[in-house]
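Here the structure comes first, spelled out in C-alpha cells, and everything after it is commentary.
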C-alpha cells in the first residue's frame, strides 16, 4: 500500500506541474482528476474555443521508456469515452470543438503534444 500512496502523491505533484504549465500556455483549467464510470481524465481545460482533455504521464528518467508512449490505443479509447461522458453530463453542444493533448514529463523536461490522438 505504501507504493500506491507514493504513486498517488507523485502523480498529484506532476499533475500540478502540468496544470501550471498549461496555465502559462494560456489554457484555462476547468477540472482536475475528473472521474466517471468509464475512467479518469487528469486535466480538462479550455484552449481558445476547444475543450481539451489532457493525459499527464511522468517518468523520472527514460529507463522505463518515454512517458508519452504509455498513452496506448486502449488508454486513448478510455479517455475518449470518458471525455464524451463529461461533455454529455456538462451539457456541451454536440458541435463543441474538442482536442486530446498529452503531457509527458521526464525529470524536469515537459513535452506537450497537442491533438495527440
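For segment 47-72, the set of residues classified as in a strand (DSSP E or B), over 15 Å from residue 23 (Cα atoms) and either modelled with pLDDT under 85 or over 14 Å from the mean Cα position of the chain (by Cα) (or both) consists of 59 only. Restricting attention to segment 93-104, the residues being at pLDDT below 95 and either within 14 Å of the chain's Cα centre (by Cα) or assigned to a helix (DSSP H, G or I) (or both) number 0.
Would you confirm, using the coordinates I've provided, whether residue 20 is within 19 Å of residue 109 (Cα to Cα), modelled with pLDDT of 95 or more, surrounded by fewer than 16 Cβ atoms within 10 Å (Cβ to Cβ) and out of contact with any helix residue (DSSP H, G or I) (no Cβ under 6 Å at 6 or more places or on another chain)? Criteria met by residue 20. Pick from 48, 104, 60, 65: which is surrounded by 15 or more Cβ atoms within 10 Å (Cβ to Cβ) and farther than 22 Å from residue 37 by Cα? Just a single option satisfies the conditions, and that option is 104. Please work out if residue 41 is within 18 Å of residue 97 (Cβ to Cβ), surrounded by fewer than 18 Cβ atoms within 10 Å (Cβ to Cβ) and in contact with a helix residue (DSSP H, G or I) (Cβ under 6 Å, 6 or more places away or on another chain). Considered against the rule, which asks whether it is within 18 Å of residue 97 (Cβ to Cβ), surrounded by fewer than 18 Cβ atoms within 10 Å (Cβ to Cβ) and in contact with a helix residue (DSSP H, G or I) (Cβ under 6 Å, 6 or more places away or on another chain), residue 41 comes out as no.
Taken over segment 11-31, the residue count meeting the criterion of being within 19 Å of residue 75 (Cβ to Cβ) and touching a strand residue (DSSP E or B) at 6+ places or on another chain (Cβ under 6 Å) is 4.
For segment 73-92, how many residues meet the condition of being assigned to a helix (DSSP H, G or I), in contact (Cβ under 8 Å) with a residue 12 or more places away in the chain and more than 13 Å from residue 33 (Cα to Cα)? Lay out the reasoning, then the answer.
First, pick out the residues of segment 73-92 that are assigned to a helix (DSSP H, G or I): 73-89.
Subset that is in contact (Cβ under 8 Å) with a residue 12 or more places away in the chain: 75-76, 78-83, 85-87, 89.
Narrowing the set further to residues that are more than 13 Å from residue 33 (Cα to Cα) leaves 75-76, 78, 80-81, 85, 87, 89.
Final tally of qualifying residues: 8.
The values are calculated or read from the model by the stated rules, or taken from the named source; none is laboratory data. Every value quoted in this text rests on a predicted model; they were computed, and no experiment measured them. Glycine gets a Cβ as well: all are built from the backbone with ideal geometry, and neighbour counts include every protein chain shown.
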